[in-house]
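Asker: Next up is a structure, given as structure tokens.
Values in this text are rule-based calculations from the coordinates and carry no lab data. The structure displayed is predicted, hence computed values, not measured ones. All Cβ positions, even for glycine, are placed from backbone atoms using ideal geometry, and neighbour counts span all protein chains on display.
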Amino acid sequence: METALINRYEYPELDLILWDRAETFIAPDVAFRLYEERWRFVDQVRLTDEERELILELKKVYGHGHILTA
């Protein structure tokens with residue numbers, strides 16, 4: 001995955017879990033960490049195919065194939 005910033009508005013569930021952040025673009029490693037920390041707030045049914053692909057790529061690169069969810 002390239003180190004390009006992620007536009008939160010392209011990923012609806014990511015946008016929702018960024019309730020306490022104002023920036024439009026977020027670093028991929030930060031997005032991965034927040035997906036992990038706030039997974040219980042992610043509505044997995046509402047994930048778009050693009051967002052599922054993003055999460056898989058983040059998991060591969062930053063989670064070494066794993067994502068810790070509770």
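Asker: Would you kindly derive the ³J(HN,Hα) couplings of the stretch 8-22 from the backbone phi angles with the Karplus curve 6.51 cos²θ - 1.76 cosθ + 1.60 (θ = phi - 60°), listing them in order in whole Hz, with x for Gly and Pro?
Answerer: Result, ordered by residue: 4, 6, 8, 10, x, 6, 4, 4, 5, 7, 9, 4, 9, 10, 9 Hz.
Asker: Pick out, in residue order, every one of the trypsin sites (Lys or Arg not before Pro) in the chain that is DSSP loop and has at most 13 other C-beta atoms within 10 Å; say none if there are none. Show your work: numbers first, answer last.
Answerer: Values: sites: Arg8, Arg21, Arg33, Arg38, Arg40, Arg46, Arg52, Lys59, Lys60; in loops: Arg21, Arg38.
Within the chain, the qualifying trypsin sites (Lys or Arg not before Pro) (loop, at most 13 other Cβ atoms within 10 Å) are Arg21.
Asker: Using only alpha carbon positions, build the gyration tensor of the stretch 6-62, then give the equivalent ellipsoid semi-axes as the square roots of 5 times its eigenvalues, largest first, whole angstrom.
Answerer: Values: eigenvalues 42, 35, 25 Å².
Taking √(5λ) for each Cα gyration eigenvalue gives 14, 13, 11 Å.
Asker: Hey, another quick one. List the relative contact order of the stretch 6-62 as a percent without decimals, with contacts defined as Cα pairs under 8 Å and 6+ residues apart.
Answerer: Over the stretch 6-62, the number comes to 41 percent.
Asker: Right, next: I need the phi-derived Karplus couplings for the stretch 30-36: 6.51 cos²θ - 1.76 cosθ + 1.60, θ = phi - 60°, integer Hz, Gly and Pro marked x.
Answerer: 3J(HN,Hα) across the stretch 30-36, in whole Hz: 5, 4, 4, 4, 6, 4, 4.
Asker: As an exercise, identify the chymotrypsin sites (Phe, Trp or Tyr not before Pro) in the chain lying in DSSP coil whose Cβ has no more than 15 other Cβ atoms within 10 Å.
Answerer: Values: sites: Tyr9, Trp19, Phe25, Phe32, Tyr35, Trp39, Phe41, Tyr62; in loops: Trp19.
Listed in order of number, the matching sites are Trp19.
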